[in-house]
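Asker: First the structure, which I've put down as structure tokens, then a few questions once you've had a look.
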Amino acid sequence: METTSMTSPHRPVVVLSRALDQAGDALAAVHPDDLGKPTPCHGWTVRELADHLAAAPEHFLRLGRGEEVDWSAGAGVEPAQLAAHFRSHADDLLHHWHGQPDDRVAQADWQSAELGVHTWDLVRALGRPLPLDDEVAERGLAFMQQGLTDDNRGPAFGPPVEVPDDASAYDRLVAFAGRDPRA
């Protein structure tokens, strides 16, 4: 039986908070000798992916304020500062979401989807297992399945990869985003 907290309209913000925590942990796990490693993001190194991920909360916050966002821009800090930069802006992003009306907070799920996919990418590239929250993947996947089609995938998402019905939540999320979790 679900509790009230599980059905709260602010559940997307609770899950986003956990997505931000695990992404921050993944960024903190990056060592200088990891920066040149390849990632599941085609053509991106760990350095490029970590920079993109570290900039995400700031980009999300700008978008939430109605500002223009250059999604190709990185965090603008040295690799050793990426986790701290990320966590600072993650806190600001959560404060923003806590101030939103109930009818807007479901939009936080797309941010959980973005963070979930890229956190998995980074953890996979590092080769050091970190615990990943299944609810982040489940909510992110549900959101992506509502809006991501073959026609609007763009260069960021490859075609979906088939996975077994009993695949983990993260395997299903990243497979839908075009990554092969078995690779």
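Asker: Which residues, taken from the range 36-58, are touching a His at 6+ places or on another chain (Cβ under 8 Å), closer than 19 Å to Gly178 by Cα and in a helix (DSSP H, G or I)?
Answerer: Within the range 36-58, Leu49, His52, Leu53 meet the criteria.
Asker: Also: On the basis of being more than 16 Å from Leu49 (Cα to Cα) and not hydrophobic (A, V, I, L, M, F, W, C), does Asp70 make the cut?
Answerer: No: the conditions fail for Asp70.
Asker: When both residues are 6+ apart or on different chains and their Cβ atoms are under 7 Å apart, which pairs have a first residue that lies in the range 1-21 and is within 21 Å of Asp91 (Cα to Cα), and a second that is modelled with pLDDT under 95 and surrounded by fewer than 17 Cβ atoms within 10 Å (Cβ to Cβ)?
Answerer: Pro9/Asp102; Pro12/Ala106; Val13/His98
Asker: Quick test of your reading of the structure: Ala90 fulfils all but one of (1) touching a Gly at 6+ places or on another chain (Cβ under 8 Å); (2) surrounded by fewer than 21 Cβ atoms within 10 Å (Cβ to Cβ); (3) in contact (Cβ under 8 Å) with a residue 60 or more places away in the chain; (4) over 25 Å from Pro160 (Cα atoms). Name the failing condition by number.
Answerer: Of everything listed in (1) touching a Gly at 6+ places or on another chain (Cβ under 8 Å); (2) surrounded by fewer than 21 Cβ atoms within 10 Å (Cβ to Cβ); (3) in contact (Cβ under 8 Å) with a residue 60 or more places away in the chain; (4) over 25 Å from Pro160 (Cα atoms), Ala90 misses just condition (2).
Asker: Asp33 versus (1) in contact (Cβ under 8 Å) with a residue 12 or more places away in the chain; (2) in a helix (DSSP H, G or I); (3) loosely packed, with under 11 Cβ neighbours inside 10 Å; (4) not polar (S, T, N, Q): which is the lone unmet condition?
Answerer: (1)
Asker: Among the candidates Val163, Val174, which residue alone is under 24 Å from Ala54 (Cβ atoms) and of a type in the set (Val, Ile, Thr)?
Answerer: Exactly one residue qualifies, and that residue is Val174.
Asker: Sort out for me the helices (runs of 4 or more DSSP H) sitting completely within the range 106-183 that have 3 or more residues that are touching a residue at least 12 places away in the same chain (Cβ under 8 Å) and over 28 Å from His10 (Cβ atoms).
Answerer: Here the list reads 108-126.
Asker: I've got another one for you. Looking at the range 118-158 only, could you name the residues that are of a type outside the set (A, V, I, L, M) and closer than 21 Å to Thr45 by Cα?
Answerer: Across the range 118-158, the qualifying residues are His118, Thr119, Trp120, Asp121, Arg124, Gly127, Arg128, Pro129, Gly154, Pro155, Phe157, Gly158.
Asker: If you check Gly66 against the conditions, is it out of contact with any strand residue (DSSP E or B) (no Cβ under 8 Å at 6 or more places or on another chain), closer than 23 Å to Pro181 by Cβ and either part of a helix (DSSP H, G or I) or not acidic (Asp, Glu) (or both)?
Answerer: When the stated conditions are applied, Gly66 does not pass them.
Asker: Before we move on, is His95 crowded, with 19+ Cβ neighbours inside 10 Å and outside any loop (DSSP other than H, G, I, E, B)? Steps first, please.
Answerer: Details: crowded, with 19+ Cβ neighbours inside 10 Å: no; outside any loop (DSSP other than H, G, I, E, B): yes.
Here the answer is no, as His95 does not meet what is asked.
Asker: Does Glu67 qualify as being among the charged types (D, E, K, R), under 19 Å from Val30 (Cα atoms) and without any contact (Cβ under 8 Å) to a residue 24 or more places away in the chain? Reasoning before the result, please.
Answerer: On the way: among the charged types (D, E, K, R): yes; under 19 Å from Val30 (Cα atoms): no; without any contact (Cβ under 8 Å) to a residue 24 or more places away in the chain: yes.
No, not satisfied.
Asker: Looking for whichever is under 14 Å from the mean Cα position of the chain (by Cα), of a type in the set (S, T, N, Q) and surrounded by fewer than 19 Cβ atoms within 10 Å (Cβ to Cβ) here; the options are Gln100, Gln107. Which one fits?
Answerer: Gln107
The values are calculated or read from the model by the stated rules, or taken from the named source; none is laboratory data. What you are looking at is a predicted structure, and each value in this text was computed from that prediction instead of being measured. Using ideal geometry, Cβ is built from the backbone for each residue, glycine included, and neighbour counts are taken over all protein chains shown.
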